[in-house]
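Below is one structure, written out as structure tokens; the observations come after it.
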Amino acid sequence: MNTTKAITIESFGGPEVLRLQELPLRTPEPGEVLLRVEAAGVNPAELGMRDGRYPWSEEPRFPLVPGYDIAGVVEAVGREVTGLAPGDTVTATTAHAHTQIGSYAERVVVPADQVVPAPGLTPEQRASLPLAGTVALQALRRLGLERGQILLVNGVGGAVGSFIAQLAVLEGVTVFGTASTDEHDYVRSLGAIPLDRHGNLADQLRTEGFEAVAAAFDTVGGPSARTAFTLVRDNGRYATIVPPFWIPGGQFDPERGILPEIVVYSHVRADLAALVSLVTAGKLRARIADTLPLAEAPEAHRRLIKGGLRGKLLLRP
């Protein structure tokens with residue numbers, strides 16, 4: 001039987017429960033693809049996989065392998081798979097909610113419809129796109145902004161925030177992004193206007209000539225999320241990827257005509273393919289915080305818990 005090294009979870013707990021071990025590796029069935037993993041993204045959802053907060057579609061089966069994002073190379077394809085062949089360079093997501101076997105591994109079997117060819121892109125670029133890029137694209141679509149309107153991105157320096165800023169600018173939207181002052185040159189490089197996240201956002205916005213924004217997108221949560229909400233004009237739009245910090249009532253007042261939306265990842269192959277095209281054309285760039293060896297997955301989770309990452313954290317088998 002084939003095997004693969006993978007980061008496993010035998011029981012829920014802190015980062016220390018993540019352990020590298022050898023697991024059986026099944027042959028791809030019809031409609032599936034076997035990938036050799038070149039890099040795996042580290043996402044907040046995997047913190048929930050590790051500590052038991054993740055909303056499993058089935059009862060958890062140990063050992064679990066966390067992880068969604070994959071930069072990989074096709075090793076084998078099952079029957080009925082078209083458009084993919086051994087040797088293809090790809091980006092992909094696992095079907096973790098159903099299989100409970102993720103991308104923190106040397107090799108993994110995934111559904112073929114969750115695999116997108118990405119020739120010419122680096123492993124870092126490909127591993128950064130699936131969750132962060134897709135969530136940003138889908139959030140921007142749901143905000144429904146038109147050319148010339150204003151978007152405030154709370155936490156523009158992270159993986160999702162930097163993607164949505166670039167995507168919005170490409171559509172002619174004016175983007176303001178909150179970041180620490182030492183990040184302002186980077187924010188400008190995205191085509192956005194920086195705001196000091198430690199300062200008074202309303203005053204800074206007025207200095208730029210605006211009293212309010214058409215929409216805000218939050219990646220941070222907490223008090224700064226609520227501040228971002230207050231800057232949205234009445235009947236504007238507000239979306240967040242940090243649902244615990246959407247608190248109905250108070251500053252989230254339905255009388256202002258704003259319905260806060262929680263954006264969660266939804267796999268759409270066409271969205272991932274569109275992101276690959278933009279990166280290939282040089283119109284979209286990924287931001288990588290750091291890359292660690294697969295065996296250092298516990299350290300990766302500790303860094304994610306600590307917060308303040310500037311870009312995407314990756315694991316390399």
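Only the coordinates and a few stated rules stand behind these numbers; no lab work does. Model, not experiment: these values are computed from the prediction. All Cβ positions, glycine included, derive from the backbone under ideal geometry; neighbour counts span all protein chains shown.
Given R₀ = 51 Å, FRET efficiency for residue 270-residue 233 by Cβ-Cβ distance, to 0.05? So the FRET efficiency works out to roughly 0.95. The helix-based estimate of mean residue ellipticity at 222 nm for the chain, built from -39,500 (n - 2.57) per DSSP H run of four or more residues and divided by its residue count, is -7500 deg cm²/dmol to the nearest 500. Normalised by the residues of segment 131-262, what does the relative contact order come to in percent, with Cα pairs under 8 Å and at least six apart? 21 percent. Within segment 260-317, none of the trypsin sites (Lys or Arg not before Pro) combine a DSSP coil assignment with at most 11 other C-beta atoms in a 10 angstrom radius.
Dipole magnitude for segment 131-262: computed about the Cα centre from +1 point charges on Lys and Arg Cβ and -1 point charges on Asp and Glu Cβ, it is near 260 debye.
Scaling against 2.2 N^0.38 Å puts the C-alpha radius of gyration of segment 40-180 at 1.19.
Projecting the Cα atoms of 166, 214, 184 onto the charge dipole of segment 125-269, computed from C-beta unit charges around the Cα centre, puts 166 farthest toward the positive end.
Contact order for segment 51-92, expressed relative to its length and based on alpha carbon pairs under 8 Å spaced 6+ residues apart, stands at 36 percent. Charge tally for residue 131 (other residues, Cβ to Cβ under 13 Å; Lys, Arg +1; Asp, Glu -1): -1.
Within the shell defined by Cβ-Cβ distances under 11 Å, the residues around residue 238 carry a net charge of +3, with Lys and Arg each +1 and Asp and Glu each -1. Counting only Cα atoms, the size of segment 2-86 along its three principal axes is 40, 25, 21 Å, in decreasing order. Taken over the Cα atoms of segment 131-262, the convex hull encloses 93 Å³ per residue. In the chain, the convex hull through the Cα atoms has an average projected area of 16.1 nm², a quarter of its surface area.
Here residue 73 and residue 22 are evaluated by their C-beta separation; at R0 = 25 Å the FRET efficiency comes out at 0.75. Taking amide H positions as modeled 1.01 Å from N, with prolines and chain starts lacking one, the residues under 5 Å from residue 232 and 5 or more places away or on another chain are 213. Extension gain, residue 29 to residue 51: 0.36 nm times the residue separation minus the Cα-Cα distance gives 4.9 nm. Summing charges over neighbours of residue 189, with a neighbour being any other residue whose Cβ is under 15 Å away from its Cβ, gives +2 when K and R count +1 and D and E count -1.
Just need the relative contact order of the chain here, percent rounded to a whole number, with Cα pairs under 8 Å and 6+ apart.
Worked out over the chain, it gives 18 percent.
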